[in-house]
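Report on the structure given below.
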Amino acid sequence: DMMLFAKPPRMELQPLNVVTLVHRAVDEISDRADQAGVAIRVEEGVGPLLVEADENHLVEAIKAVCVNSLEACSHGGLVEVMIHEQPGDGRGHGRAAVIEIRDDGPGIPAEVRPHIFSPFYSGREAGRGLGFGLSKSWRIVTEHGGRIDVDQPLAGARLMISLPLAEKPAA
């Protein structure tokens with residue numbers, strides 16, 4: 001994880017379906033969720049959303065955000081992963097695939113939010129993580145031209161990974 005910051009690995013970009021990437025990430029952490037007694041639900045209200053991405057890197061980024069949410073939940077908790085398309089906003093953000101990860105944990109305290117993407121920072125008590133998960137995700141997502149936004153809903157936490165959609169090939 002530390003090498004990701006010192007010398008990011010070379011990415012091998014190819015057109016990939018975000019829905020497929022999310023399902024792979026969730027499948028890879030499903031045993032961990034079962035052991036914690038936390039349900040993970042994926043909602044995909046869209047057809048294929050293609051992004052130019054390195055499959056392994058992006059799956060790791062999605063997994064890290066999901067694991068962070070999973071660890072925030074108590075037994076019987078819920079992590080929801082929703083996938084949707086966001087139209088361009090005319091302010092420099094084009095069409096994007098959005099992966100929204102919500103949990104019903106305690107939320108992210110206001111004093112912690114500015115630091116959650118900093119390496120070695122953990123808002124949890126000592127011994128519960130190294131502080132690399134969200135910083136690793138942030139690095140991977142930004143290397144793909146995307147961004148991660150944090151929102152504090154009334155309950156739990158919500159992180160949104162936005163990735164630029166691949167240009168459709170000319171007809």
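FYI, it's all coordinate maths here, none of it is from the lab. These numbers were taken from a predicted model, which means no experiment stands behind them. Glycine gets a Cβ as well: all are built from the backbone with ideal geometry, and neighbour counts include every protein chain shown.
A few points about this structure:
- Ranked by the mean number of other Cβ atoms within 10 Å per residue, highest first, peptides 63-70, 147-154, 19-26 order as 63-70, 19-26, 147-154.
- Charged neighbours of Asp103, selected by a Cβ distance under 13 Å, balance to -2 (K, R count +1; D, E count -1).
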